[in-house]
Each structure stands twice: as structure tokens, then as C-alpha cells.
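Below is one structure, written out as C-alpha cells; the observations come after it.
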Amino acid sequence: MNPDLDALKPYPFEKLAALKADVTPPTALAHIPLTIGEPQHAPYIGALEALVAHQQEMARYPATTGMPELRQAIVAWATQRFGLEGLDPDTQVLPVNGTREAIFAFVQAALDRSRPARVAVPNPFYQIYEGAALLAGGTPLYLDCRAEHGFRPNLDAVSADTWREVQIVFLCSPGNPTGAVTPLADFQRLIALADEHDFIIASDECYSELYLDEKAPPPGLLQACAALGRHDYRRCLVFHSLSKRSNLPGLRSGFVAGDAALIGPFKRYRTYHGCAMSLPLQHASITAWQDEDHVLANRDAYRETFAAVTEILAPVMDFPTPEASFYLWPAVPGGDDEAFTRALYAEENVSVLPGSYMGRAAADGHNPGSGRVRLALVAELEATVEGARRLRRFIERQ
Ligand SMILES: Cc1ncc(COP(=O)(O)O)c(C=O)c1O
């Protein structure tokens with residue numbers, strides 16, 4: 001087997017299972033997992049109906065490029081949402097089976113192993129960026145996202161010599177696990193660096209539709225390009241998904257959009273890889289990209305949960321004011337995220353994810369995820385509020 005497989009790190013949930021393995025939680029309390037990154041709200045029913053209505057089309061092979069109607073629906077959505085101009089459905093858009101698959105596959109297709117191949121990732125981070133880089137023969141470069149820098153990477157901390165070895169920079173906005181939103185100015189600073197040092201920006205925007213202030217939707221990378229008049233989106237690619245927006249993580253549907261010079265070769269790679277989206281799923285996706293009412297209702301539900309949880313936890317935990325995503329990223333009293341996680345599980349049967357499991361230690365030995373935990377506020381309001389109450393009770397007892 002490929003020896004690079006040995007370089008893959010244990011997934012955070014494997015580490016969490018090991019951490020909790022010898023702990024017996026109180027049986028009188030039902031388990032509340034605040035760990036899962038999977039939406040629990042009802043899936044968008046219009047998409048499910050379209051899926052059923054088109055089930056007979058399972059009898060046909062789909063094309064890698066997807067149906068023109070799907071690419072059109074994606075273009076219409078992205079144009080409206082991000083104020084774009086002239087996004088070409090034939091050359092600048094490709095449907096994919098969710099962002100996870102596309103992020104992984106894109107790195108395999110894009111990395112040039114014949115020269116230094118660093119892949120910059122935010123730290124802490126969604127683990128696929130790192131695994132994709134390692135399996136493509138690249139070397140991750142961890143860009144720490146610390147509180148003092150708004151939980152965003154400090155682009156000016158990277159030297160010109162290092163940038164020259166970078167082939168791909170991942171951004172995640174809104175961020176998992178921090179919820180931080182990249183402002184337009186940061187996107188534009190990175191675009192300038194990409195031009196100077198010739199790298200690709202891959203912007204993971206799968207949480208872009210889960211924002212708390214209706215008047216302030218998070219900006220995106222293509223929006224930053226459009227504001228610069230850069231309508232060829234040179235060196236830029238965005239990754240979007242229906243998983244969080246429409247509560248359809250099982251549909252496995254998303255898209256990549258941006259630079260035609262990147263989409264073209266990626267399409268060629270995907271033809272061989274064999275990952276075209278089946279036709280009923282494409283119909284379901286069209287329906288979902290064309291409807292905003294269900295997304296607004298989804299945001300309303302998250303707003304309610306965030307408000308309730310914030311009220312309970314703000315007096316006892318310090319966390320950045322959530323702007324978007326469905327995560328809370330609090331610092332733990334005492335500063336030891338693993339010990340906190342274990343004790344909380346042992347005493348209150350509530351599971352959280354230690355922040356250090358999503359990060360890597362920098363050269364100075366400091367892991368920017370440590371001292372925090374990730375709380376996913378995805379369950380029904382009642383269960384999430386009960387989880388928050390137990391967390392508070394646990395902290396107040398310490
Ligand atoms: C930051 C981030 N990117 C990508 C994904 C993958 O989502 P999907 O493949 O369902 O689009 C997730 C899922 O949790 C995520 O948290």
C-alpha cells in the first residue's frame with residue numbers, strides 16, 4: 001500500500017473515543033453529544049421530493065460536468081449571493097459530491113510534486129485539508145488562528161521564502177471550529193500574495209449560509225475577486241455545499257467555482273476518478289439551490305439556539321461572539337481542554353471536542369486549539385440548552 005497513508009493523523013473523533021474509553025458517565029443523565037458536526041434540523045423537503053420524482057433517472061450514467069440546468073442554478077445562486085458578474089456555467093463551475101470529497105480530490109489533481117509543495121491550512125482546522133496534502137505528497141504549513149488575531153490566519157507572519165514554496169492556501173470561512181469570518185480585505189490581501197508568489201487559494205465556504213445577522217452575510221472569495229474586477233477569478237476556487245445550508249449532508253452535493261484554468265484540469269481528473277453526481281441527486285440539488293425560504297428558516301433556528309446557549313454560558317466561559325457556522329469556541333476554565341472534556345463527560349454525560357485535537361503544535365510547541373473546546377449547536381433546541389445548562393453547572397461546581 002501507499003506508504004503516505006501512514007502519514008495520516010488519527011481523526012479527532014478517534015482521539016476523543018480513546019480519551020473517554022475508561023470513563024463511566026452517570027447513567028441517570030442521557031448523553032448529550034455537542035461533538036457532532038452534522039446538522040440535525042429537518043432536510044429541505046423540496047429536494048427530497050425532487051429526488052423521488054426523478055428516481056427513474058438512476059437508469060442513466062451522469063456526466064462529470066453535471067446537467068447544464070444544475071450548473072445554471074448554481075451560477076444563479078452564486079451570482080445573487082456574492083454579487084458576481086458573468087460566472088460561466090460551462091467553464092467556471094463544477095458540481096461535486098460535497099465539499100469534503102472535492103477538497104480532497106482537488107489537492108490530488110493540483111499539487112505539482114516536482115517542486116516544493118507546501119499546502120497552507122488554517123490551524124486549528126478541518127482535518128481533510130491536511131490529509132489531502134499528505135496523500136498528494138505535499139507538506140502542510142499551519143497558519144495559526146489565534147484569539148489576538150480574531151481567530152484568522154496572520155498572513156503577514158509568513159516569510160516571502162515560505163510563500164514561494166506554497167502551492168495551495170486553504171481558507172475556511174466561516175471557520176470550523178472557530179466560527180471566524182474572513183473579511184473582504186483579508187481575501188484581497190491573500191489574492192495579492194497569490195499573484196506575487198503564484199499559488200492557488202482554495203476557499204472552503206461550506207458554512208457561508210449559516211450566519212446570525214441577516215444584514216451581514218459572510219463575504220466570499222469570488223466576491224472579493226468581483227470587487228477587484230477580477231472576473232476570471234484567476235488562482236481562486238471556492239467550495240460550497242448543500243450539507244449545512246439545506247440540512248442535506250447525506251445528499252453529498254456541492255460545487256466548486258472559480259478560475260477556468262483550474263476547473264478544466266480538475267474536470268479531467270474527475271472524469272478518471274469517476275465521481276459524477278447521479279441524476280436524481282442533481283435534480284434535488286437544483287431545487288435546493290433555487291429556494292431561499294428554507295435556508296432562512298434554518299438560520300432562524302440556529303439563531304434561537306445560539307441566543308439561548310450564549311445566555312447560559314457567557315457568564316462562565318469566554319468565547320468569541322458567534323457570527324456564523326454552528327460552532328461555539330469557548331476557552332475552558334483551567335486551560336486543559338482534554339482534562340475538561342474527560343471530567344465533563346464523567347460528571348455530566350456531555351461530550352465536547354477538545355480544541356487541541358483539531359490543531360497542530362507550532363514550532364514553539366503551542367497548539368492554537370489547546371485550551372478551548374468545540375461545541376456544535378446542531379441538536380434540537382431543548383437538548384442543546386440542556387447540554388449548556390449541564391456545562392454551566394459543571395463549571396460552577398469546580
Ligand atoms: C470546514 C468543513 N469543510 C467541509 C466539510 C464537508 O462538508 P460536505 O462534504 O458535507 O460538504 C465540513 C463538514 O463538516 C466542514 O466542517
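The values are calculated or read from the model by the stated rules, or taken from the named source; none is laboratory data. Since we're looking at a predicted model, the values are computed, not measured. Neighbour counts run over all protein chains shown; Cβ positions are idealised from the backbone, glycine included.
General remarks:
To keep it simple, each residue is scored yes or no on (1) closer than 18 Å to Y272 by Cα; (2) in the same structural domain as A284 (by TED's automatic domain parsing); (3) within 16 Å of the ligand (Cβ to nearest atom).
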position: L48; (1), (2), (3): no, no, no
position: L51; (1), (2), (3): no, no, no
position: G66; (1), (2), (3): yes, yes, yes
position: Q72; (1), (2), (3): no, yes, no
position: L84; (1), (2), (3): no, yes, no
position: Q92; (1), (2), (3): no, yes, no
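- In the stretch 125-149, the residue that is nearest to L237 (Cα to Cα) out of those that are free of Cβ contacts under 8 Å to residues at least 40 places away in the same chain and surrounded by fewer than 21 Cβ atoms within 10 Å (Cβ to Cβ) is I128.
- Exactly one residue among E101, E85, E49 is assigned to a helix (DSSP H, G or I), of a type in the set (D, E, K, R) and farther than 30 Å from L375 by Cα, and that residue is E49.
- Verdict on A136 being within 13 Å of the ligand (Cβ to nearest atom) and over 27 Å from V373 (Cβ atoms): no
- Residue count for the stretch 230-249, restricted to those that are in contact (Cβ under 8 Å) with a residue 60 or more places away in the chain and surrounded by fewer than 21 Cβ atoms within 10 Å (Cβ to Cβ): 2
- Residues in the stretch 346-398 that are more than 22 Å from F13 (Cβ to Cβ), of a type in the set (G, A, S) and touching a residue at least 60 places away in the same chain (Cβ under 8 Å): A362 alone.
- Cβ separations smaller than 9 Å between residues 6+ apart or across chains give the following pairs from the stretch 169-196 residues that are within 14 Å of P124 (Cβ to Cβ) and among the β-branched types (V, I, T) to residues that are within 10 Å of the ligand (Cβ to nearest atom) and not in a loop (DSSP other than H, G, I, E, B): T178/P122; T178/C172; T178/Y327.
- Residues located in the stretch 154-209, provided they are away from the ligand (no atom under 16 Å from the Cβ) and assigned to a loop (DSSP other than H, G, I, E, B): N154, V158, S159, P183, D198, F199
- Residue among E69, E85 that is under 20 Å from P280 (Cβ atoms), surrounded by fewer than 19 Cβ atoms within 10 Å (Cβ to Cβ), of a type outside the set (V, I, T) and in contact (Cβ under 8 Å) with a residue 60 or more places away in the chain: E69
- Which listed residue, of T65, T79, is assigned to a loop (DSSP other than H, G, I, E, B) and either among the hydroxyl-bearing types (S, T, Y) or within 30 Å of V158 (Cβ to Cβ) (or both): T65
- The set of residues in the stretch 231-249 that are of a type outside the set (A, V, I, L, M, F, W, C) and more than 16 Å from the ligand (Cβ to nearest atom) comprises H231, D232, Y233, R234, R235.
- Residue count, the stretch 96-131 (criterion: among the hydrophobic types (A, V, I, L, M, F, W, C) and more than 9 Å from the ligand (Cβ to nearest atom)): 11
- Qualifying residue in the stretch 268-280 (condition: of a type in the set (S, T, N, Q), in a helix (DSSP H, G or I) and farther than 18 Å from L87 by Cβ): yes
- Any hit, the stretch 250-273, residues being in the same structural domain as R118 (by TED's automatic domain parsing), away from the ligand (no atom under 13 Å from the Cβ) and in contact with a Pro (Cβ under 8 Å, 6 or more places away or on another chain): no
- All told, L34 meets the bar of being within 24 Å of the chain's Cα centre (by Cα), within 16 Å of the ligand (Cβ to nearest atom) and surrounded by 13 or more Cβ atoms within 10 Å (Cβ to Cβ).
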